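Report on one structure; see the data block that follows.
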């Protein structure tokens, strides 16, 4: 195995047998002892292969039931694959379920020692780290209280503070960042970013596209237990969001469909073709036409002359050109500007500015942002995106799609997060 590879997965598959009925009690077993149990086979993973390099941030995305958590538990050694092999180069620390192994009858202090031991720490190591665990959890007043008297928020804070003490090479993380209140979540993300900078290999399962987009080197998108996409965050998230949009439109079509004919309720067979006709199959590796996509980004100076080197203190204009391939409704257009350190400096959207986009037919759409250029000298990237009105489904997300430079005679520090006064114009052309 290549020493630069942290995890190698080769053609693994995993299935589960699901019983058609429950026989959990002695009475149920006696009543049905002559009747043979029947099972249904559920294929959780089907022929999955990939490699993760040391120090890589590798994300796994997909809808519920696609096999994400099963894959992570196989990597952690909790499940054994039915087929295939896994090789791991380093020690793994699984952050799969915070608080696993905690005993509600023990105090917070005793649970720290219990859980840290499960994570592989010696008593000597736990003694050294105990104060930092308590300080991070902010539960020093309650540390001698039994865990059953903790609120759910207090429990996850203690669990996270304990889990991060494990100094392993490879971290498996399954939706463990959004814990506690907002202030505590900020602390969790700060620790998370320190782990990334320290060169740890991180395998991250999440439904949060923003975190996946921001941190990932590569992304595996699972669909129906199979590998749909293995590639860049943009590529994987784009197909994932597009698939979500198709699923949402299928649901809407089903709800809106007239279920009643003159003879009463339509047969399922009559409805089935119209429901399944839009099904997306990613496994043939054919490119998918998006409903709407970013075509280009243009930059203009105060005289409306197109150029990429702009002057500090003057008004600038950024035009994001979208290609609409299918009729869409009530979209939200966003634009994010980042500096060379990948820090978010400016974010604007049509929703925040109360701009209604309405119906858009196939053609070109230009979202034009006009803002005063308060950026200091340097290079900046533009990340445009478009989503539906609830902002849960993204049709397109293009991280660092284009860049511009700012010339400045007297350099000053940029205004981090400053909400520049600006205007947005929506231009449609068919």
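A few remarks follow.
- Filtered residues of segment 41-79 (kept if crowded, with 18+ Cβ neighbours inside 10 Å, under 20 Å from residue 234 (Cα atoms) and in contact with a helix residue (DSSP H, G or I) (Cβ under 8 Å, 6 or more places away or on another chain)): 57, 59, 60, 61, 62
- Every residue from segment 326-352 that is surrounded by fewer than 13 Cβ atoms within 10 Å (Cβ to Cβ) and either in a loop (DSSP other than H, G, I, E, B) or on the phi > 0 side of the Ramachandran plot (or both): 327, 340, 341, 342, 343, 352
- Of all the numbered requirements in (1) at pLDDT 70 or above; (2) surrounded by 10 or more Cβ atoms within 10 Å (Cβ to Cβ); (3) not in a strand (DSSP E or B), residue 36 misses one, and that requirement is (2).
- Out of 365, 321, 305, one residue alone is within 23 Å of residue 210 (Cα to Cα) and modelled with pLDDT of 85 or more. It is 321.
- Residue among 232, 238, 211 that is at pLDDT 60 or above and closer than 30 Å to residue 119 by Cβ: 211
- Subset of segment 209-227 [buried (at least 20 other Cβ atoms within 10 Å of the Cβ) and more than 16 Å from the chain's Cα centre (by Cα)]: 225
- Failed item in (1) assigned to a helix (DSSP H, G or I); (2) in contact with a strand residue (DSSP E or B) (Cβ under 8 Å, 6 or more places away or on another chain); (3) under 24 Å from residue 214 (Cβ atoms), with residue 136 passing the rest: (2)
- Residue match in segment 361-376 (condition: surrounded by fewer than 21 Cβ atoms within 10 Å (Cβ to Cβ) and in contact with a helix residue (DSSP H, G or I) (Cβ under 8 Å, 6 or more places away or on another chain)): no
- Single residue of 390, 357 found to be in a loop (DSSP other than H, G, I, E, B), farther than 21 Å from residue 423 by Cβ and out of contact with any helix residue (DSSP H, G or I) (no Cβ under 9 Å at 6 or more places or on another chain): 390
- Tally, over segment 80-102, of residues that are surrounded by fewer than 17 Cβ atoms within 10 Å (Cβ to Cβ), at negative phi and modelled with pLDDT of 90 or more: 6
- Between 31, 1, the distinction of being modelled with pLDDT under 70 and under 30 Å from residue 172 (Cα atoms) belongs to 1 only.
- Qualifying residue in segment 74-87 (condition: under 19 Å from residue 195 (Cβ atoms) and in contact with a strand residue (DSSP E or B) (Cβ under 8 Å, 6 or more places away or on another chain)): yes
- Search result, residues across segment 184-205 that are over 21 Å from residue 169 (Cβ atoms) and touching a residue at least 60 places away in the same chain (Cβ under 8 Å): none
- Pairs where the first residue, in segment 39-57, is in contact (Cβ under 8 Å) with a residue 60 or more places away in the chain and the second is part of a strand (DSSP E or B) and loosely packed, with under 14 Cβ neighbours inside 10 Å, C-beta under 7 Å, 6+ apart: 44/16; 47/11; 49/11
- Each residue in segment 161-208 was checked for being in a helix (DSSP H, G or I), at pLDDT 85 or above and either in the same structural domain as residue 394 (by TED's automatic domain parsing) or buried (at least 20 other Cβ atoms within 10 Å of the Cβ) (or both), and 2 pass.
The values are calculated or read from the model by the stated rules, or taken from the named source; none is laboratory data. Everything numeric here is computed off the predicted structure, so don't read it as measured data. No Cβ is skipped: glycine too gets one built from the backbone with ideal geometry, and neighbour counts run over all protein chains shown.
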